[in-house]
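Contents: one structure, followed by commentary.
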Ligand SMILES: [Zn+2]
Ligand SMILES: [Zn+2]
């Protein structure tokens, strides 16, 4: 089968019913020529041999640049496109160091610590490293699955150790004395997939790396940091924030790329059966399945990215059904990839895609972390993946060498996606965003100071000093001392508690132990949900979707942290109703914004789930409201808020000022992810016509994590652009009185009522600098 050119493939998609209007934008990116470089003269001969043997004869210019910098002892971050060979850039200096410092009788050489955000990725890197066939190199992975023999071998012999930040935090750093031989020889620290360290997780990892630097100082080593990231804005800043060091960026991508056609696609409106009769667009999964089938029939090897595992399965199953109608053998060439597969299954999928036995794969983002697929003909992205960086990473899976490729972004029915398809310059014309996280979050900082003191007493200054943890650290240490957690002695601050200090911080947690979901009859654990969201998502009577299965919650015990569920294919969904209050604790900053004022600071949010609604799944018809008695939950966090004085809006003749503020709040929450690398579920909001603390019409957008994650702070910094985009989004949405693409929110605790769409535009107009 001859592969059609991207424009022809796109023409076929457009030829489908409704395709003409669905195609909102097309552009073609010019090809990028290759920039090659030779191997550095310092490359160890064994390493050079291994590269040549595995087919690498030249380097791309960015690989050479980063490798040289690291070899010279500069901390470096390499931020280039998907499949641009970032790993070779860090392998050259690290493996050369190991080979050239190994003792004559094979004594352990210089060591490298490699950190990946997941276990699967560390294992994949380890198998690639072993694939190089360096006979003397000692490679080990270290994670929750390693046996105690493997752990002690790694500790005493490994030269290249692959692990994740969690293991560093819970195991390596607290036991640093036993790891002396490894830390004393540590030449390099490789931090892969830097762009995953964002939000609260990013803040945690920043402190884990500072603790690592202290341990190295104590054991007499000063390792060079090598960080690898997807294309990102200001990677040097993110890398410096994460490590606390000055880091040189390498961003000029020397790998070649063919011309790339990018299309933005908005599924058509199919009915008016949404909340309050709102128009609803065709679901992104159904639309993506159609496009995937079309591309497979045209012979294009295609990858479809979805936001959830369930979505990947629906897309694959639907595409298989559609393809069967044309050719009964085709369904076998379409599969779903959900993550959590064994390495051999992943390798089989990779090679089937390469050989063409598999033509289409529907996958979650999990693919980003553990499967190596590139060189496809087309990529479909079902729903904005959260950041432009991730979007480009997904598009980057298409294109072999200089061959042309196609990337299609299919919009979901929400404010962010609908804004993006109609503002292609926001999606395609801007540099990708910087990762946002805030190491100063006291809820994150405190536990790491305790862990650091338990590892080696904290001194006033110097390489073991408290300053390493940032300007707020000294005050935090005093508070911990006053609380009796640390004790001040002449040699510094000590941890004297009997508990393990590292247990105070869980890197992946978002506040409190998660709630475990348990099957009622068997006692089998089926998953977990965040404690903070449990009252709204797994209250008694809630319908909970888990990996495509429907469960009914029988009971929720917040004290023991257990929800019991039963499998039940009910034909309705549930949504919680809550009452939320917000209190201003401190205002850190404020400034004028149009005719209003913008503020940033600390707030206390208290939420109580009071009832839930049952809704028929097919039509959305409300079947009833049921009261609930759930405990009130409070969250102290960071927020950005704006106020408008009465005289500014009283003349506007708004139909419903509270509904206008509420609509503006929803849409602005929908768009903040565009500016702050967060998900709309990471943030919340409260709006009111009259807030007791301000005495004015006020709209708050707050972080969803205790102490804040930096997202609302970012909203404060770019408020002008953010709120203007929000206004434009609402104004240009063709619906009459609000829909999921503009002012309706799937997480509204008030059932999307009241909402005043034109009123929201009028309020946001007052905030734009033009007046
Ligand atoms: Zn709308
Ligand atoms: Zn709401």
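The values are calculated or read from the model by the stated rules, or taken from the named source; none is laboratory data. Here the structure is a predicted model, which means the values were calculated and not measured. For neighbour counting, all protein chains shown are included, and Cβ atoms are generated from backbone atoms with ideal geometry for every residue, glycine included.
Things to note:
- Boolean, residue 95 is farther than 24 Å from residue 348 by Cα and touching a helix residue (DSSP H, G or I) at 6+ places or on another chain (Cβ under 9 Å): yes
- Listing of helices (runs of 4 or more DSSP H) fully contained in the range 374-439 that carry 1 or more residues being touching a residue at least 60 places away in the same chain (Cβ under 8 Å) and more than 19 Å from the chain's Cα centre (by Cα): 415-422, 424-428
- Residue check, residue 682 closer than 22 Å to residue 422 by Cβ and either modelled with pLDDT under 95 or within 15 Å of ligand 1 (Cβ to nearest atom) (or both): no
- Of all the numbered requirements in (1) in contact with a helix residue (DSSP H, G or I) (Cβ under 8 Å, 6 or more places away or on another chain); (2) away from ligand 1 (no atom under 16 Å from the Cβ); (3) in contact (Cβ under 8 Å) with a residue 24 or more places away in the chain, residue 603 misses one, and that requirement is (1).
- Selection status of residue 572, more than 30 Å from residue 719 (Cα to Cα), buried (at least 19 other Cβ atoms within 10 Å of the Cβ) and more than 29 Å from the chain's Cα centre (by Cα): no
- Of all the residues in the range 279-299, those that are over 29 Å from the mean Cα position of the chain (by Cα) and surrounded by fewer than 24 Cβ atoms within 10 Å (Cβ to Cβ) number 5.
- Meets criteria (within 24 Å of residue 635 (Cβ to Cβ), surrounded by fewer than 20 Cβ atoms within 10 Å (Cβ to Cβ) and either away from ligand 1 (no atom under 16 Å from the Cβ) or without any contact (Cβ under 8 Å) to a residue 40 or more places away in the chain (or both)) for residue 694: yes
- The number of residues in the range 743-762 that are at negative phi and away from ligand 1 (no atom under 15 Å from the Cβ) comes to 6.
- Where helices (runs of 4 or more DSSP H) fall wholly inside the range 1-99, the ranges with 3 or more residues that are in contact (Cβ under 8 Å) with a residue 12 or more places away in the chain and either buried (at least 22 other Cβ atoms within 10 Å of the Cβ) or touching a strand residue (DSSP E or B) at 6+ places or on another chain (Cβ under 8 Å) (or both) are 6-14, 61-71.
- Annotation: residue 630 fulfils all but one of (1) modelled with pLDDT of 95 or more; (2) in contact with a helix residue (DSSP H, G or I) (Cβ under 8 Å, 6 or more places away or on another chain); the unmet one is (1).
- Taking the criterion of being surrounded by 24 or more Cβ atoms within 10 Å (Cβ to Cβ) and farther than 23 Å from residue 470 by Cβ, the only residue of the range 183-223 that qualifies is 190.
- Scanning the range 750-771 for residues that are surrounded by fewer than 20 Cβ atoms within 10 Å (Cβ to Cβ) and either under 13 Å from residue 668 (Cα atoms) or within 16 Å of ligand 2 (Cβ to nearest atom) (or both) returns 750, 751, 753, 754.
- Among the helices (runs of 4 or more DSSP H) confined to the range 639-729, the ones with at least 3 residues that are touching a helix residue (DSSP H, G or I) at 6+ places or on another chain (Cβ under 6 Å) and within 16 Å of ligand 2 (Cβ to nearest atom) are located at 657-671.
- The range 718-742, subset within 8 Å of ligand 1 (Cβ to nearest atom) and under 24 Å from the mean Cα position of the chain (by Cα), residue surrounded by the fewest Cβ atoms within 10 Å (Cβ to Cβ): 740
- All positions within the range 598-630 that are more than 30 Å from the chain's Cα centre (by Cα) and assigned to a loop (DSSP other than H, G, I, E, B): 618, 619, 620, 621, 628, 629, 630
- Here the range 504-542 is the region considered, the condition is being free of Cβ contacts under 8 Å to residues at least 40 places away in the same chain and not in a loop (DSSP other than H, G, I, E, B), and the residue that is surrounded by the fewest Cβ atoms within 10 Å (Cβ to Cβ) is 525.
- Residue list for the range 130-164, filter: assigned to a loop (DSSP other than H, G, I, E, B) and over 24 Å from residue 49 (Cα atoms): 142, 143, 144, 145, 146, 147, 164
- Subset tally (residues that are farther than 22 Å from residue 226 by Cα and surrounded by fewer than 16 Cβ atoms within 10 Å (Cβ to Cβ)) for the range 158-181: 3
- Extreme residue, nearest to residue 170 (Cα to Cα), among residues of the range 451-465 that are touching a helix residue (DSSP H, G or I) at 6+ places or on another chain (Cβ under 6 Å) and buried (at least 23 other Cβ atoms within 10 Å of the Cβ): 451
- Among the residues of the range 481-503, those identified as buried (at least 20 other Cβ atoms within 10 Å of the Cβ) and farther than 14 Å from residue 207 by Cβ are 485, 486, 493, 495.
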